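Trainee: Quick one: the structure is below, questions incoming.
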Amino acid sequence: MPSRPPLTRAVDPLSMMDRNRTLLVDTSCYAYKQADGVDMEAYVFPVPGEPPPEGRPAILFFFSSTWDAGLVSQFAPHCLYFANRGMQPILFDYRVTSRFPAATPADAMQDVRSAIRWTRRHAEDLHVQPDRLAACGAAAGAHAALAAAILKDFDDPADDLAQSCVPDALILFSPVLDFSKKGVGRSKFPDKKMARRADLMKHLRRRMPPVIIFHGTADRVVPFENSQRFRRKMWWRGNLCKLRPFETQGHGFFNFNVNPRFYEITISEADAFLVERKFLQPIPDEDGTPRLAGDGRFHRND
């Protein structure tokens, strides 16, 4: 599993436009697959301390997009937080049309499935527990991560299908869930048949991994009511799905560079969700109130 050359602040022009990109300098960069002759990158963050013999739980991040553009470094601040909590964070790139003009949502779905399988295949090298993989994504990244748990196709033919691509928990921000007229993204598919196959509302099943969704009620990109309908359908099938609405907030409210307060709230609640699922141990303070790793209290606005 050879790593790629490290990034450097001095020669990386993208750091001028992408403030989070400098946070990738200390990561180990790997090519988790090739697509159209291009290495698709995985950025593995350093975690303080020695890994336990059984490995660490891992959290895999897939950036926000509507399949057109996006920054792989978007969730770098989240990675630093979870690294300090003892999880192994990994950022993954996937295909979008700004860099792969012929890409479709199906390609993004293939890439995310490949990324999850790559992590499980290299679990020993990465010092992670293959049955403790949480997937976190936003918008199209959230759709692709959730599709890996729900849909039976959209696999990369080069993948080892003996490795499961189903994550063990899902943390979703403003997710794309519906390709009907009530949803978003239908026109991105080559044909309506493929869009129906990728429509998560139409393919929900029982025995899904637990899910938490953070969504602004004023989101103009991905309708909030789709998350409400998705949650109802999940509960009808006996699946755990928590929906955390953020009143009056738009599409990207959770990003550190947009609103540090909402970043802190959502990451604290994601932490609590992972504690409930036994991915993490709680961090009590002197009065039993959990804290953020580093500093700051656990905040809620509900």
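Trainee: Tell me, which residue of segment 138-170 that is outside any helix (DSSP H, G or I) and touching a strand residue (DSSP E or B) at 6+ places or on another chain (Cβ under 6 Å) is most open to solvent (accessible area, probe 1.4 Å)?
Mentor: Residues of segment 138-170 that are outside any helix (DSSP H, G or I), as a first pass: 138-139, 151-170.
Cutting the leftovers down to touching a strand residue (DSSP E or B) at 6+ places or on another chain (Cβ under 6 Å) gives us 138, 167-170.
Values: Ala138: 1, Pro167: 4, Asp168: 47, Ala169: 0, Leu170: 0 Å².
Checking each candidate, the answer is Asp168.
Trainee: Within segment 68-82, can you find the residues that are in contact with a helix residue (DSSP H, G or I) (Cβ under 9 Å, 6 or more places away or on another chain) and among the small types (Gly, Ala, Ser)? Steps first, please.
Mentor: Within segment 68-82, the first condition is being in contact with a helix residue (DSSP H, G or I) (Cβ under 9 Å, 6 or more places away or on another chain), and the residues that meet it are 68, 70-82.
Answer for segment 68-82, where residues must be in contact with a helix residue (DSSP H, G or I) (Cβ under 9 Å, 6 or more places away or on another chain) and among the small types (Gly, Ala, Ser): Gly70, Ser73, Ala76.
Trainee: Could you grab me the full set of residues in segment 240-261 that are in contact with a strand residue (DSSP E or B) (Cβ under 7 Å, 6 or more places away or on another chain) and either part of a helix (DSSP H, G or I) or over 21 Å from Ala169 (Cβ atoms) (or both)?
Mentor: The answer is Gln249, Gly250, His251, Phe253.
Trainee: Where residues in segment 254-302 are among the basic types (Lys, Arg) and at pLDDT 85 or above, which of them is least open to solvent (accessible area, probe 1.4 Å)? Give the steps one after another, and end with the answer.
Mentor: Narrowing segment 254-302 to residues among the basic types (Lys, Arg): 261, 277-278, 291, 297, 300.
Narrowing the set further to residues that are at pLDDT 85 or above leaves 261, 277-278.
Details: Arg261: 134, Arg277: 65, Lys278: 155 Å².
Of everything passing the filter in segment 254-302, Arg277 is least open to solvent (accessible area, probe 1.4 Å).
Trainee: If Pro52 passes every condition in (1) out of contact with any helix residue (DSSP H, G or I) (no Cβ under 9 Å at 6 or more places or on another chain); (2) open to solvent by less than 30 Å² (accessible area, probe 1.4 Å) but one, which one does it miss?
Mentor: For Pro52, the failing item is (2).
Trainee: What are the residues in segment 28-83 that are in contact with a Pro (Cβ under 6 Å, 6 or more places away or on another chain) and modelled with pLDDT of 95 or more, if any? Please lay out each step first, then the result.
Mentor: Pass one, segment 28-83, residues in contact with a Pro (Cβ under 6 Å, 6 or more places away or on another chain): 45, 59, 67, 79, 82-83.
Hits for segment 28-83 are Phe45, Ile59, Cys79, Phe82, Ala83.
Trainee: Return the only residue of Ala83, Ala135 being in a helix (DSSP H, G or I), touching a strand residue (DSSP E or B) at 6+ places or on another chain (Cβ under 8 Å) and either of a type in the set (Asp, Glu) or under 21 Å from Ala270 (Cα atoms) (or both). Explain how you work it out, then say what you get.
Mentor: Working: Ala135 fails: in a helix (DSSP H, G or I).
Going through Ala83, Ala135 in turn, the sole match is Ala83.
Trainee: Right, here's the next one. Within segment 76-90, is there a residue that is of a type in the set (A, V, I, L, M), surrounded by fewer than 22 Cβ atoms within 10 Å (Cβ to Cβ) and without any contact (Cβ under 8 Å) to a residue 40 or more places away in the chain? First the steps, then the outcome.
Mentor: Initially, segment 76-90 is screened for residues of a type in the set (A, V, I, L, M), giving 76, 80, 83, 87, 90.
If we keep only those that are surrounded by fewer than 22 Cβ atoms within 10 Å (Cβ to Cβ) too, we end up with 80, 83.
Next cut, without any contact (Cβ under 8 Å) to a residue 40 or more places away in the chain only: 83.
Within segment 76-90 (the criterion being of a type in the set (A, V, I, L, M), surrounded by fewer than 22 Cβ atoms within 10 Å (Cβ to Cβ) and without any contact (Cβ under 8 Å) to a residue 40 or more places away in the chain), the answer is yes, since at least one residue qualifies.
Trainee: Tally time: how many residues in segment 26-49 are assigned to a strand (DSSP E or B), out of contact with any helix residue (DSSP H, G or I) (no Cβ under 7 Å at 6 or more places or on another chain) and surrounded by 12 or more Cβ atoms within 10 Å (Cβ to Cβ)?
Mentor: Going through segment 26-49 one residue at a time, the tally reaches 7.
The values are calculated or read from the model by the stated rules, or taken from the named source; none is laboratory data. Small disclaimer: the values here were computed from a predicted structure and weren't measured. When we count neighbours, we look across all protein chains shown, and the Cβ atoms used for this are built from the backbone with ideal geometry, even at glycine. Heads up: the accessible areas ignore ligands, DNA and RNA and are worked out on the full protein's heavy atoms, side chains in. Shrake-Rupley method; radii C 1.70, N 1.55, O 1.52, S 1.80 Å.
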